[in-house]
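Since every read-out is calculated from the coordinates, none of them should be taken as a lab result. No experiment lies behind these values; they were computed from the predicted model shown. FYI the Cβ positions are ideal-geometry reconstructions off the backbone, even for glycines, and counts take in every protein chain you see.
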Amino acid sequence: MFLNSRGAAHSYANVGLETGVLAASPVQLIVMLYEGAELAVRKAIRHIGEGDLAKKSAAISQASAIVLDGLRAALDLKHGGDIALQLDALYDYMNKRLMLAHLNNQTAPLEEVLGLLRELHDAWLQVAPAGRAASASGYQPVAA
């Protein structure tokens, strides 16, 4: 019996991701969310360029879910102070830009969101040394 090599590779990657998530600290999880959102946005940009609207839609939906259901949901607005409120507003803005890119098939709003995600990702890596281990902990998003 022969294995589908693509399916096997996908399953192996999922196991690696699940293991990385289970072993990750809260800071590492945030870093992983940024990496996932960046990957989804890069995919959306590529799919717009290729004219693949179905894949573009899926990638933007994934990026939006990570921003809203991952990053934004992780904020502690009661105890997080001004930084939590500012991040909340920024995540809302990013989501609006993602939706604009989706509706108009534009890459410029996606490039803007990608830049913001990169800046925040880099800041987490600088402020939280434990976050640096997230990229080295086994989870490496596949480049778009």
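Some observations on this one:
- Output for region 102-111, where each listed residue is at negative phi and either touching a residue at least 24 places away in the same chain (Cβ under 8 Å) or surrounded by 13 or more Cβ atoms within 10 Å (Cβ to Cβ) (or both): HIS102, GLN106, THR107, PRO109, LEU110, GLU111
- Of the residues making up region 70-101, those that are within 20 Å of GLY36 (Cα to Cα), surrounded by fewer than 17 Cβ atoms within 10 Å (Cβ to Cβ) and not hydrophobic (A, V, I, L, M, F, W, C) are ASP88, ASP92, TYR93, LYS96.
- The requirement of being closer than 21 Å to VAL27 by Cβ and free of Cβ contacts under 8 Å to residues at least 60 places away in the same chain is not satisfied by LEU53.
- Those residues of region 32-48 which are crowded, with 24+ Cβ neighbours inside 10 Å and farther than 11 Å from LEU117 by Cβ, in sequence order: ALA44
- Count of region 22-31 residues, restricted to those that are without any contact (Cβ under 8 Å) to a residue 12 or more places away in the chain and surrounded by 19 or more Cβ atoms within 10 Å (Cβ to Cβ), is 0.
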